[in-house]
Structure formats: C-alpha cells, structure tokens
Amino acid sequence: MTDTLHPSTPLTDAFRLEQLAAHVEIHEVLNAYCQGVDRRDWEQVRSCYHDDARDSHGPFRGNRDELVKWMEGNHHNVTFCMHMIGNVAINLSTEDPRLARTDTYCLSHKTVASADNDPYFQGAGVEGELRRTIACRYVDTFENRPGVGWRILERTVVHEWMRREPNELYVPIDPALAISRRDRTDLLYSPLPTRTAAKS
C-alpha cells in the first residue's frame, strides 16, 4: 500500500477526529488479539480479523480460520504465554480512508512443555521444557468495513530475534499468590464486585 499518512501531513479537524477514532479502535483490536492468544480465547482472536483475512505467521501461512486452528493446536503445549506490545505506528491511507498500515512491536514470551512441540525449536536439539522469547513486528493492513469496523485484513509477522532461556533462571511461584491461567479460570473473567449503596 502506498501514499500513507505520516505525522507531518497537514490535517483538517474532521480528519483528526476520524484518525483519532481509528487509532483507538485499531489499538483495541491489537490488544484484544494479544489477550485472546494469551488466554486461549480463540473466538476473540478470530474476531480481530476480517473473515477473508490472510496471515503469514512464521512457519504458518493461510487464512483466518486456518490460523486459529493452527494456533489452537500449538497452544495445547504452551503452559505460559505473554505478548507485550511496544511501539505502534498507525498510518491511515490518504488514497483510501478505509485502509491503514500498522507496525506493532511485540515481545512474545512462552513456556512450552516440550521443545518437540514448538514450531521454531523442533529438531534443534533442545530437550524438555522450553522457555523462549521472540522479538517481532506485526506489519498489518487494517480495513474499516461497515457494520464490522477496523479489523486485520492482512498480517505478516516480521522476526527481529529469537532466544531460548535456561530453565534454571526461573523459580517456582508460591501457589498462595495469584497465578495466571490460560482459560476462563483466570482472574480476568471473575465477576466485577458489586458496589454497595452509599450511606445516607
């Protein structure tokens, strides 16, 4: 996609409001994607993409539903997962305001039960539990569609670096502490507290 909007481009007030609304919604989609993967909420992940979206995700290339199926299979063996988003650049197209190019910096931290089940470390001579971090960028094309809003139309995961961390650097977490869960038992899904009526 060419002719994207950069910060130096003169803007009208109306376009500034449109740009702000687009930025907020696109950020929400990016956050929802990461949260969905980390909590293994695959319907939430699916909702971040248009139904005809394409994704090039490391060793995977395919459509939205194929991506979700591939991730679901891989994550059966992932005991811990945390995506951390950094810089997010959003450039709305000046040729077609329904399109945007985004560049999102991401660190993906995972603990995999066995290196044999990891798409990056299979056959690399690593045995047993694997802890690894991948630094990458999500280079996305977003499209704003009526009744749907801004969703990912095309994503390519651009890899920066990858590392494996020694297991001995990690210590067990006290089970008395609140511990992250990768399903609906996570604290995220607990009911909101009920506000008590103010005393008169």
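The values are calculated or read from the model by the stated rules, or taken from the named source; none is laboratory data. All values derive from a computational prediction rather than experimental measurement. Quick reminder, even Gly has a Cβ in these numbers, built from the backbone with ideal geometry, and neighbours come from all protein chains shown. Please note that ligands, DNA and RNA were not included when accessible areas were found on the heavy atoms of the full protein model with its side chains. Shrake-Rupley method; radii C 1.70, N 1.55, O 1.52, S 1.80 Å.
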Give me the residue from the stretch 88-98 that is touching a residue at least 24 places away in the same chain (Cβ under 8 Å) and not hydroxyl-bearing (S, T, Y) and, out of that set, surrounded by the fewest Cβ atoms within 10 Å (Cβ to Cβ). E95
Scan the stretch 128-150 for residues that are out of contact with any Ser or Thr (no Cβ under 6 Å at 6 or more places or on another chain) and either surrounded by fewer than 18 Cβ atoms within 10 Å (Cβ to Cβ) or of a type in the set (S, T, N, Q) (or both) and jot them down. G128, E129, T133, A135, T141, N144, R145, P146, G147, V148, G149
Looking only at residues that are free of Cβ contacts under 8 Å to residues at least 60 places away in the same chain and out of contact with any Pro (no Cβ under 8 Å at 6 or more places or on another chain) in the stretch 68-81, which one is nearest to C136 (Cα to Cα)? M71
Among the residues of the stretch 58-72, count how many are open to solvent by 20 Å² or more (accessible area, probe 1.4 Å), touching a Lys or Arg at 6+ places or on another chain (Cβ under 9 Å) and of a type outside the set (D, E, K, R). 1
Go through the stretch 1-39 and count every residue that is open to solvent by less than 80 Å² (accessible area, probe 1.4 Å) and either polar (S, T, N, Q) or modelled with pLDDT of 75 or more (or both). 20
Please determine whether any residue of the stretch 100-112 is at pLDDT below 95 and surrounded by fewer than 15 Cβ atoms within 10 Å (Cβ to Cβ). no
Pull up the stretch 73-87, narrow it to residues that are open to solvent by less than 80 Å² (accessible area, probe 1.4 Å) and over 16 Å from R132 (Cα atoms), then point me to the one that is nearest to the chain's Cα centre (by Cα). I85
